[in-house]
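Written below as structure tokens is the structure these notes are about.
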Amino acid sequence: MAGERLPDGHDKQRILRAIDQARACIPLRALLQFLRLSPSRFHAWRRRHIACALDDQSSCPRTAPHRLTPSEIRVIKDMVTAPEYRHVPTGTLAVLAQRLGTVWASGSTWYRLVRRFGWRRPRLRVHPTKPKTGLRTARPNEMWHIDTTVIRLLDGTRVYLHAVIDNFSRRILAWRVAERFAPGNSVAVLLDASRAATPSDTIPVVLADAGVENVNVQVDALISTGVLHRVLAFTELQFSNSMIEAWWRSLKHQWLFLHSLDSLTTVRRLVAFYVDAHNCVLPHSAFRGQTPDEMYFGTGDGVPADLRSGAAAARQARAEANRCAACATCPSLDTAA
């Protein structure tokens, strides 16, 4: 009930003593009904009131006789952390322990114990080796990445998405959705990127895969004009074209695949929204809160400092709000001091 004071530790002890004295004459169920105390709460009070002398138990095992024993928990730990069982999933390991006659416990119990005690499975991955940091440039328009991905529509037809991303800022410079897989699309998207790029003293290097969409007569003719240099991944360079491939995964799994892709127009509309959000709105994790547009145009130098000062002010305001919060049972700060 609102405004009713909850019993503290001393009140609970007095209630438990009164119930123990009255149980000699009145049934326990009738006493609990008279006190409007549920049986589960009564037994929970008794468990907290009666301290257990066993050091390896969080509460008295006699009050919970179906709980796992310390020896069973040790067996579970040994099997979870044993190298000979590192290939066995935890849920399967619970059933295997039953087959071996060691511990009969459900898989959820095994998972709960693993989380509770922080046991680590001996699964240090050694192959393949950890990927190295890819190519990183020091300024915009030093290196671009171009690639093409295929998007399947609901009717089974395909559309082809071409894009160019700047290595330094991760900004999408140009993109194009086409109905056909034509070499001219790569030329068109590169020309769009050149027109949208800021003036630069150096000629951009375009990193591309050695596919037919990037190595053809039309693209070769564009490269021969000297406006761009082309480098082929894994052919002329040992690095892959992973930067734009990572953006493909984000575009598809975080946005496109959340919609019904029924037409080329729908794909264009969705891609246009995501490119604008990626460039102008969403802070990139590699830039301490700056967006790709801010990195590309150099307009976000003060963002990291603003975020740090904002975080400090938020922590101070949070602490002041928590210090001012109080309820009827909280001692006042004046009396506590």
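Just so you know, all these numbers are worked out from the coordinates, no wet-lab data involved. Note that the structure is a prediction, hence the values are computed from the model and not measured. Cβ sites come from the backbone with ideal geometry, for glycine too, and all protein chains shown count toward neighbours.
Remark on the range 149-288: Rg and Dmax equal 15.3, 47 Å (Cα only). Full extension of the chain segment joining SER200 with SER240 gains 11.9 nm, where the gain is 0.36 nm per residue of separation less the Cα-Cα distance. For the range 63-104, the Cβ-based charge dipole about the Cα centre amounts to some 60 debye (Lys, Arg positive; Asp, Glu negative; other atoms uncharged).
About its Cα centre, the dipole of the chain is roughly 2340 debye, where the only charges are +1 on Lys and Arg Cβ and -1 on Asp and Glu Cβ. Treating each Cα of the range 10-54 as an identical point scatterer and ignoring solvent, apply the Debye formula and state log10 I(q)/I(0) at q = 0.17, 0.19, 0.22, 0.23 Å⁻¹. The calculated log intensity ratios at q = 0.17, 0.19, 0.22, 0.23 Å⁻¹ are -0.47, -0.58, -0.75, -0.81.
When the range 281-322 is described by a simple charge dipole with +1 on each Lys and Arg Cβ and -1 on each Asp and Glu Cβ, the residue from ALA311, THR299, GLY289 located farthest towards its positive end is ALA311. Computed from Cα atoms, the angle from the helix 39-49 axis to the main principal axis of the chain rounds to 80 degrees.
For volume of the Cα convex hull per residue in Å³, the value computed from the atomic coordinates appears in the list (1) 149; (2) 315; (3) 298 under label (3). A simple charge model with +1 on the Cβ of Lys and Arg, -1 on the Cβ of Asp and Glu and nothing else charged puts the dipole of the range 143-296 at about 300 debye relative to its Cα centre. Taking other C-beta atoms within 10 Å as the exposure proxy, SER169, SER242 rank SER242, SER169 from fewest upward.
Between THR149 and ARG308, residue separation times 0.36 nm minus the direct Cα-Cα distance comes to 53.4 nm.
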